[in-house]
Structures are given as C-alpha cells and as structure tokens.
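The values are calculated or read from the model by the stated rules, or taken from the named source; none is laboratory data. A quick note: this is a predicted structure, and the numbers were derived from the prediction, not measured. Here the Cβ is made from the backbone with ideal geometry for all residues, glycine too, and neighbour counts use every protein chain on show. In case anyone asks, the SASA skips ligands and DNA or RNA and just uses the protein heavy atoms, side chains included. Shrake-Rupley method; radii C 1.70, N 1.55, O 1.52, S 1.80 Å.
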Amino acid sequence: MKKLLDEARKNKIAVGAFSVGNMEMVMGAVKAAEELKTPIILQIAEVRLKNSPLELMGSMMLAAAENSKVDIAVHLDHGLRVETVDKALKLGFTSVMFDGSLLELEDNIKTVKSVVARAREYGATVEAELGVVGGNEGEGKKHDIMCTRPADAERFCIETGVDALAVAIGNAHGNYPVSPVLRFDVLEEIHKKTDTPLVLHGGTGISDEQFRKAIKLGVRKVNIATASFDRLAEYAKAYCDSKDKANYFELSAAEVQGVYENAKKHIKVFSFID
Ligand code: 13P
C-alpha cells in the first residue's frame, strides 16, 4: 500500500479503499479500477469476518490483486486484535490497520509500534487511527466523534513509524443522518505537522467537493464501505423485483454492476477525473 500512497502523494490524488464482503464486490471494484486504469485498495474490516471469513475472503482478494491489470493493495481494515492482524499478514495481506483509537494515547502508541515491527517482517504497511471516527464499523455501540489533536498526530507518527494515519475530523462510519460538517481546519493543522499520508474513513455521504478539499489537505486514502453494500443490495433488489423468478447468474451480475458503478464514481472523484 505504501507504493500506492506515495504515488498518490506525487499525483496529488487519493486512492479509493473499497470494503468487500463477497466475490461480486471484489469483481465490481476491480472492474472499475481496471476500466479507469487506477490502483485501488481492497479491504475488509475485522467485524465483517463473521459474514465473510478471512481465509475465504482474503484468498479471493489476494487472487483478484494478483490477476488484476492495475496495482491493488489488500488491506485489513479496523483490525481490533493483534491475532487478526497476524492472520492477515500470514495470509499475504500487503497492509493492515490496527485500530487502537479507543485506547489511551500511550497504549495506542505502544500497540501500534509493535504492529509496525511485526508488519515490517512481511514487508507490509500499517495504518492506525487517532481520535475517534464516529458511528461504528458493523453493529453495536455507535462511537461519538472525537477530533484528532494535531500535536498528538505529530507525536504518534514519529513514535510509531506508522505508514498511514486515519484522522477524525467530523467523519463517521455509516450513512450520515445529516450532511457531515468536516473540520478542515483540524485536517490542515495535522497535515502541517506530519508528512504521513492521511486516511479519511466514513466516505459514504461525504460530498465530492469535500473529498477533493480533503485530498488537497493531505488525505491519500479514502474508505468507502456502506455505499458499496447499499448499492449492491439496491441493484440486487431491483433485479429481483423486475422478475417473476430470479436467476442466480443475473442476480450475481446485478450485484457486480451496483458495486462497479459506486466504485467508478468514487475513483473519478479521488483521481480528479471529470
Ligand atoms: P462508510 O461505511 O461510511 O463508507 O465508511 C467506510 C470506512 O471508513 C471503513 O473503514
């Protein structure tokens, strides 16, 4: 992933990181990336592994990356346990996130530092989170947003040696109940204090204008999950509603199409393609 983030920095764009949960999601995202000749990141969060087991999904994501015409990083999103991070690294993921955002700063630094050391043995990249992104990734308790403190970000990046930092600037996972108000002033301060590529989580519902402003202020990876899952479900429903008897193969194609349309739209925004 480091290579993709370095190229994105050079080209002043961001890489789209698309969450996947089945084969159709992988195929839809890869189809969009290949059509636009743009690298992407395929990712899966630890909370999603109960629906899409790591060994199965991970192998599929890795096979898609190996066979793709564009560069694709395979990333564990929101790793919550060091054991899961280890499993992903052993499987061949080229990048892992350890989410210690709910830990005290010192504990977050300590744990991420050890994850960075582990990942280096595999030549993999590490993302961490500082501050708290709102909502939640999966079911359960929704977290309140706590903006990243720029001074903490500077210290965190230096002490952990992390490759990418997820920031909290008013963004949240899931569909926003009202349009998000992003703290670009906070993002700008963080960007001034660290060269580390920044990651914007909670991409669903953020406007094109906001994305592009955030990219100008150092965001190099943007996470999209809910919009992909929602588009897949909508396209699948529309297909089933249009038929008296649904056909599996047509249903599968509709799912790919929904994810493809969503990924294509976002890649264009993140790559400044009009
Ligand atoms: P959304 O579900 O809001 O797109 O957020 C995705 C995300 O940040 C995954 O980590």
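Condition check for Gly100 on (1) within 15 Å of the ligand (Cβ to nearest atom); (2) open to solvent by 30 Å² or more (accessible area, probe 1.4 Å); (3) over 26 Å from Arg212 (Cα atoms): one failure, at (2).
Go through the stretch 143-161 and give me each residue that's over 19 Å from Ile215 (Cα atoms), assigned to a loop (DSSP other than H, G, I, E, B) and touching a residue at least 24 places away in the same chain (Cβ under 8 Å). Of everything in the stretch 143-161, those that are over 19 Å from Ile215 (Cα atoms), assigned to a loop (DSSP other than H, G, I, E, B) and touching a residue at least 24 places away in the same chain (Cβ under 8 Å) turn out to be Ile145, Gly161.
Which is more than 13 Å from the ligand (Cβ to nearest atom), touching a Gly at 6+ places or on another chain (Cβ under 6 Å) and in a loop (DSSP other than H, G, I, E, B), of Val256, Val181? I'd like the intermediate steps shown before the answer.
Values: Val256 fails: in a loop (DSSP other than H, G, I, E, B).
From the options Val256, Val181, the qualifying one is Val181.
Residues of the stretch 188-242 that are open to solvent by 60 Å² or more (accessible area, probe 1.4 Å) and closer than 29 Å to Ala151 by Cβ: Glu188, Glu189, His191, Lys192, Lys193, Asp195, Glu209, Lys213, Lys216. For the stretch 185-212, the candidate set comprises residues that are away from the ligand (no atom under 16 Å from the Cβ) and out of contact with any helix residue (DSSP H, G or I) (no Cβ under 6 Å at 6 or more places or on another chain); within that set, the residue that is nearest to Lys3 (Cα to Cα) is Asp195. The combined condition, being of a type in the set (A, V, I, L, M), under 26 Å from Gly138 (Cα atoms) and either within 13 Å of the ligand (Cβ to nearest atom) or open to solvent by 60 Å² or more (accessible area, probe 1.4 Å) (or both), is not fulfilled by Val162.
Considering the stretch 1-33, the residues that are in a loop (DSSP other than H, G, I, E, B) and open to solvent by 10 Å² or more (accessible area, probe 1.4 Å) include one that is nearest to the ligand (Cβ to nearest atom), namely Gly21. Please go through the stretch 115-125 and give me each residue that is touching a strand residue (DSSP E or B) at 6+ places or on another chain (Cβ under 9 Å) and loosely packed, with under 15 Cβ neighbours inside 10 Å, ordered by number. Passing the criteria: only Arg120.
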